[in-house]
Amino acid sequence: MNEKIAIIGSGIGGIASAIRLAAKGHQVTVFEQAGNPGGKLNEINKDGFRFDTGPSLFTLPGLVDELLSLGEVEPSDAFKYRKLDIVCKYYYEDGTVLNAWADPERFATEACEKVNEPVWRIHNYLRKMGEMYDLSADLFIFKPFARWETFKSDAGKKVARQLHKLDMLFSMHQRNKRSFKSKHLIKLFDRYGTYNGSNPYKAPATLNMISHLEHTDGAYFPEKGMYDIVRQLVLHAQKLGVDFRFNARVQEVLLEEKKATGLKVNGGVFSADRVVNDMDVTNFYKHLMPNRNLPLRLRLMEKSSSAVIFYWGMNKKFPNLDLHNIFFAENYKEEFQYLFRKKLLYHDPTVYVFISNKVTGSDAPEGMENWFVMINAPVNKGQYNETVMSEMRENILSKLNRMLKNDVASHIVSETIGTPLTIEEQTSSAGGSIYGSSSNSRFAAFMRHPNRMSRFKGLHFVGGSVHPGGGIPLCIASAGIVSEDIQNEK
Ligand code: FAD
């Protein structure tokens, strides 16, 4: 029987769920509080520049292709992307500049020449990460984790037989320190902890497999920028009959005898057979589920990091920079102590500079560049004020000036600032956390909020704050789990 399904939020998880469910014949309506779709995956157009506001690193593009092929409608080939030759360009305070070539051979050769790491060690490491990914991705990413049937499945049995290979007893940093001689490479691979907002000095070494995606499978970039992912998916969803309602803030989930029966939206009632929630799950319980306590797991788990982002229009081109550039902190460990223990901005942060118009020429006026300059930041606990932000701006500028040997500030002609507060304001993420909960513990995967709760019928959870986690590929994977759950429950 086809059902009437209401989705709260048009983040990538919400859109992916809408496509999957509409392709199966359900009548799907998406309620989005903002005026446009995308949530954290969004864009700003200002002063002739276009900026992707959130995600910039794009892996497993096949997951988007798959969504665009679902349903019995004319497929579109409008979504185009390219594989990057250089995954990221890394700058270190000692003057070392390391290109992470997508080709593992070329990367290993460059790392051997520049930071004196034997080629065989790099190949060995990447091979192991690939094995770990192949062993566990099906269980950890594409299946509903922490359910008995998952552990009894073939994927579950395979992992159980080779549990030791998941490297859960060490932290990411401990494993990387054992794997490489070079401090430069340890930092480079530790950084993958930040891909789900975690602390590599705490997160289990299993997460080192994140690097496999970029270093072996490859990093990609959409020809028209990251927001084209949203644009094309929404067009496809609409072709399948999905009804998107913007400026539609959901105020409450309506429950009858523990079964979701609809939503209260903008003061009116929308009845539905099921509700799929794509809003950050902590704020979902706080604001949309009256008289419900926050589940213990959400109270216990540390939030993922957030970010401070400067979107700078630059009046000149910087030919030495690539699409993705990292300027490492000298003392990486201390940076994470500030992020997660002290919950303060660090005076010498690792700075990420992403310049989409290296690929998408039209994102900046002729001869100019659009810089997205981001540092990891603690979630909002009231510590962000004007003084803190202006000190941080100065620290970032002096770091970039030093490492690029340039006067960066003198080239800024447009500025917009994103903070944990604006992330929370615009997407309702608790404290502005980017990925919901962090993975700063060995048990994090087991503690993540599941895609459905047995105590509520007809209520499903999708997106970056629930299983399997944040980031575009994982959010899309969560939509796959939710749509399968709904088919199985019918
Ligand atoms: P969200 O994007 O969280 O969207 C939720 C939606 O729900 C929002 O549109 C919100 O307006 C809406 N909503 C909330 N409350 C209500 C309500 N009451 N009623 C109606 N609508 C509501 N990922 C990557 O893969 N690669 C990256 O490089 C990367 N970098 C990032 C950098 C930054 C600065 C940020 C912020 C994120 C980054 N991410 C990255 C993470 C990625 O953006 C997220 O994991 C993903 O986009 C989250 O999608 P989601 O489905 O959880 O929904």
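The values are calculated or read from the model by the stated rules, or taken from the named source; none is laboratory data. Nothing here was measured: the structure is a model prediction, and the numbers come from that model. Every residue, glycine among them, receives a Cβ derived from its backbone with ideal geometry; neighbour counts consider all protein chains shown. What goes into the accessible areas is simple: the full protein's heavy atoms, side chains included, and nothing from ligands, DNA or RNA. Shrake-Rupley method; radii C 1.70, N 1.55, O 1.52, S 1.80 Å.
Suppose every K and R has +1 on its Cβ and every D and E has -1 on its Cβ; what is the size of the dipole of the chain about the Cα centre, in Debye to the nearest 20? Walk me through the numbers before you get to the answer.
Working: 62 positive and 55 negative charges, 354 e Å.
It comes to approximately 1700 debye.
Counting only residues 5 or more places away or on other chains, whose amide H sits under 5 Å from the amide H of GLY54 once H atoms are built in the peptide plane?
ASN42
Once a ≥ b ≥ c are taken as the square roots of the eigenvalues of the Cα gyration tensor of the range 393-490, is the result rounded (a/c under 1.5), prolate (a/b larger than b/c) or oblate (a/b not larger than b/c)?
Working: a/c = 3.16, a/b = 2.71, b/c = 1.17.
Since a/c reaches 1.5 and a/b is larger than b/c, the shape of the range 393-490 is classed as prolate.
Go through the range 243-255 residue by residue and turn each phi into a ³J(HN,Hα) via Karplus (6.51, -1.76, 1.60, θ = phi - 60°); whole Hz please, and just put x for glycine and proline.
With coefficients 6.51, -1.76 and 1.60, one gets 9, 9, 10, 8, 6, 10, 8, 6, 9, 6, 8, 8, 10 Hz.
If one takes the longest principal axis of the Cα atoms in the chain, at what angle in degrees, from 0 to 90 and to the nearest 10, does the Cα axis of helix 472-489 lie?
That helix lies at roughly 20 degrees to the long axis.
No solvent, one uniform scatterer per C-alpha: report log10 I(q)/I(0) for the range 302-427 via the Debye equation at q = 0.14, 0.18, 0.19, 0.23 1/Å, two decimals.
Calculated log10 I(q)/I(0) at the listed q: -0.62, -0.99, -1.09, -1.43.
When all alpha-carbon pairs of the range 85-218 are counted, what percent fall beyond 24 Å? All intermediate terms of the calculation are to be shown ahead of the outcome.
On the way: 2723 of 8911 pairs.
It works out to 31 percent of all Cα pairs.
Length gain on complete extension for the stretch ASN293 to ARG393, per 0.36 nm per residue less the alpha carbon to alpha carbon distance? Walk me through the numbers before you get to the answer.
Values: separation 100, 0.36 × 100 = 36.00 nm, distance 3.88 nm.
Taking 0.36 nm per residue and subtracting the Cα distance, the gain is 32.1 nm.
Taking amide hydrogens as modeled 1.01 Å from N in the peptide plane, which residues meet the under 5 Å criterion relative to ALA307, leaving out close sequence neighbours?
Under 5 Å from the amide H of ALA307: ALA377.
Pop the C-beta distance of PHE446 and GLU366 into the FRET formula with R0 = 60 Å and round what comes out to the nearest 0.05.
Details: r = 52 Å, r/R0 = 0.87.
The pair PHE446/GLU366 has a calculated efficiency of 0.70.
Tell me, what HN-Hα J-couplings in whole Hz come from the Karplus equation 6.51 cos²θ - 1.76 cosθ + 1.60 at θ = phi - 60° for each residue of the range 311-319, using x for Gly and Pro?
Coupling constants for the range 311-319: 9, 10, x, 10, 8, 8, 9, 10, x Hz.
What are the aspartates and glutamates whose alpha-carbon lies under 18 Å from the alpha-carbon of LYS24, with same-chain residues fewer than 8 places away excluded?
GLU3, ASP65, GLU66, GLU72, GLU74, ASP243, ASP273, GLU484, ASP485, GLU489
If R0 is 51 Å, what FRET efficiency do you get for LYS158 and GLU425 from their C-beta distance, rounded to 0.05?
On the way: r = 44 Å, r/R0 = 0.86.
Here the calculated transfer efficiency is 0.70.
So what's the gap between the Cα centers of the range 212-237 and the range 1-32, to the nearest angstrom?
Each part reduced to its Cα centre gives a spacing of 20 Å.
If I stretch the segment between SER271 and ASP407 completely, what's the gain in nm (0.36 nm per residue apart, minus their alpha carbon distance), one decimal? List each step's numbers first, then the result.
Numbers: separation 136, 0.36 × 136 = 48.96 nm, distance 5.76 nm.
Computed gain between SER271 and ASP407 is 43.2 nm.
How many angstrom separate the Cα center of the range 460-490 from the Cα center of the range 314-392?
Answer, in whole Å: 30.
Given H placed 1.01 Å from N in the peptide plane, which residues other than close sequence neighbours of TYR81 have an amide H under 5 Å from its amide H?
Sorted by chain and number, the residues that satisfy this are GLU223.
May I ask you to list the lysines whose Cα is less than 16 Å away from that of LYS224, ignoring any residue fewer than eight positions away on the same chain?
Leaving aside lysines fewer than 8 places away in the same chain, those within reach of LYS224 are LYS80, LYS83, LYS358.
In straight Cα distance, which lysines are under 26 Å from LYS286, not counting same-chain residues fewer than 8 positions off?
The qualifying lysines are LYS4, LYS40, LYS258, LYS259, LYS264, LYS303, LYS342, LYS343, LYS381, LYS457.
Under the rule a/c < 1.5 gives rounded, and otherwise a/b versus b/c splits prolate from oblate, where does the range 189-273 land using the Cα gyration tensor?
On the way: a/c = 3.24, a/b = 1.66, b/c = 1.95.
Oblate, since a/c reaches 1.5 and b/c is not below a/b.
Rounded to the nearest percent, how much of the accessible area of the range 437-490 (1.4 Å probe, protein heavy atoms only) is carbon and sulfur?
On the way: 920 of 1750 Å².
The value for the range 437-490 is 53 percent carbon and sulfur by accessible area.
What percentage of all Cα-Cα pairs in the chain are separated by more than 32 Å?
39
Kindly identify the range 340-396 as rounded, prolate or oblate by the Cα gyration tensor criterion: order the square roots of the eigenvalues as a ≥ b ≥ c, call it rounded if a/c is under 1.5, otherwise compare a/b with b/c, prolate if a/b is larger, else oblate.
On the way: a/c = 2.97, a/b = 2.48, b/c = 1.20.
It is prolate, given that a/c is not under 1.5 and a/b is the larger ratio.
Applying the Karplus parametrisation 6.51 cos²θ - 1.76 cosθ + 1.60 with θ = phi - 60° to the phi angles of the range 40-51, what ³J(HN,Hα) value in whole Hz is obtained for each residue in order, glycine and proline being reported as x?
For the range 40-51, the Karplus-derived couplings read 5, 8, 9, 8, 10, 10, 8, 6, x, 9, 10, 10 Hz, x marking Gly and Pro.
Quick check: Cα centre of the range 147-163 to Cα centre of the range 96-123, how many Å?
Answer, in whole Å: 35.
Taking GluC sites (Glu not before Pro) as candidate sites, keep only those in a DSSP loop with at most 14 other Cβ atoms within 10 Å, then name the longest stretch of the chain containing none of them.
Details: sites that count: GLU72, GLU93, GLU223, GLU257, GLU330, GLU366.
Result, exposed sites excluded: 94-222.
I'd like the projected area of the range 300-368, averaged over all directions, using the convex hull of its alpha carbons. Report it in nm² with one decimal. Let's see the in-between values first.
Working: hull surface 24.9 nm².
The Cα convex hull of the range 300-368, projected and averaged over all directions, gives 6.2 nm².
How big is the charge dipole of the range 85-218 about its Cα centre, in debye rounded to the nearest 20, if each Lys and Arg gets +1 on its Cβ and each Asp and Glu gets -1 on its Cβ?
On the way: 21 positive and 17 negative charges, 138 e Å.
Here the range 85-218 has a charge dipole of around 660 debye.
Could you look at the range 1-82 and say what percent of its accessible area is carbon and sulfur, using a 1.4 Å probe and all protein chains? Numbers along the way, then the final one.
Details: 1540 of 3100 Å².
Within the range 1-82, the accessible surface is 50 percent carbon and sulfur.
Tell me, what is the per residue accessible area of the chain in Å², probe radius 1.4 Å? Write down the numbers at each step before the final one.
On the way: 20090 Å² over 490 residues.
Result: 41 Å² per residue.
Where does the chain land at 222 nm, in deg cm²/dmol rounded to the nearest 500, when only DSSP H runs of n ≥ 4 count, each adding -39500 (n - 2.57), divided by all residues? Walk me through the intermediate numbers first.
On the way: 15 runs with 154 residues, N = 490.
Estimated from H runs of four or more residues: -9500 deg cm²/dmol.
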